[in-house]
Each structure stands twice: as C-alpha cells, then as structure tokens.
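A short write-up of the structure that comes next.
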Amino acid sequence: MLFRIAILVLALAGSRAHAQESVTLPYPWLEYCARTRDPGCIVQTITPFDLAIINREITEGIITREDDGYYDPWVPFPPDRMGDCDDRAASTRQALLALGVDPKALRFETGLVKEPDGRTLGHIVVVVTLDGREWVLDSKTPDKVYPPSKRPYAWKPMAAESPNILWSIP
C-alpha cells in the first residue's frame, strides 16, 4: 500500500508526462481521503490525466447495481462497493473535493442514455473545470475524460455550487 501511495505522489507531483499505465490512484486511498478530509490528500495540481485515473478507479471500484426502486439515495463510496452512476458521480465529487478541487469547479449533469439492450435510462456525470477548460468524468467511459463538446449524449446541467443551486431532471 505504501508503495502505491509513493507511486501516486510521484504521478501527481509532476511526472505525469512520463507516467506509466500502471500508475493508479487506488480506490481505497480515494475513499480514505473523501472520508477523512486528511490535509495530506490535497494535491497542488490536478490534470486531465489525473481525472482519467480517478474516473477509472471509481468506476472500477464500484460494482454496477441497478436501482431497485424510485427512491435511490446517492451514496459516495458505498460500503458494499455496489452502486450505479449516481453513486459513482457522488464518489467522484467527494474524491475531487478531498484532493483540493474547488467546489465551484464541479457540477453534475444528467442525460438520457440508450443502453445496448434498447432501454433509455437516466445517467449522471461530473463535469470539472480545470484552468478554464471543462472535462466530463463519465462512468460509461472509465478510461478517459472528454470535453463537454464531445458528449455522446444530450446533457442538462443538474447542480452546481453557486448562490442559487440549479436542479434539473431530464
């Protein structure tokens, strides 16, 4: 575990350009940071590369379980590690906040997604603004992040950190 954290520190400290595919932000570490708000978790800079790692770790760290009814609470880092896109989005937001991302740089967006079996389901993602550019963290694309202009679905902003929080359901 200490070795993985050391690799993480090196990856986040500036060796991103030369980082290997094996560098990870382990799910348990992200969960720890979100749960404890340990100041040692805060990083100076987060890049799109880091966002892609966080997206992958959280997507793979939470086993897909479909909603079992109308009421579906969002559970960041669910204890049984089972959830759906809203649990992954809540976990992603909590991890980014714990790493020091400004809450004003984060928002949720919702969309309707056509599944391979033909069903159309609601879906939620996290949009992050870094250095004036926006990036979408989507559990349906766990190995990458993309700018909102490349969204594969029709999206609506759902909630943002502001004096007047906007809520919208597609």
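Details
- Those residues of region 93-121 whose amide nitrogen sits under 13 Å from the label point placed on residue 66, 7 Å along Cα→Cβ: 115-121
- Around the Cα centre of region 57-140, unit charges on the Cβ atoms of Lys, Arg, Asp and Glu (plus for the first two, minus for the last two) sum to a dipole of about 260 debye.
- To put it simply, the accessible area of region 33-73 at a 1.4 Å probe is 54 percent carbon and sulfur.
- Against the rule of thumb 2.2 N^0.38 Å, how large the Cα Rg of region 86-127 comes out: 1.40
- Built amide H within the under 5 Å cut-off of residue 146, gap 5+: 136
- Hits among aspartates and glutamates - C-alpha to C-alpha of residue 104 under 13 Å, sequence gap 8 or more where chains match: 131, 134, 161
The values are calculated or read from the model by the stated rules, or taken from the named source; none is laboratory data. Values in this document were obtained by computation on a predicted structure and should not be read as measured data. Methodologically, a virtual Cβ is constructed for each residue, glycine included, from the backbone with ideal geometry; neighbour enumeration extends over all protein chains shown. Ligands, DNA and RNA are stripped out before the accessible areas are found, and what is left, the full protein with its side chains, is counted by its heavy atoms. Shrake-Rupley method; radii C 1.70, N 1.55, O 1.52, S 1.80 Å.
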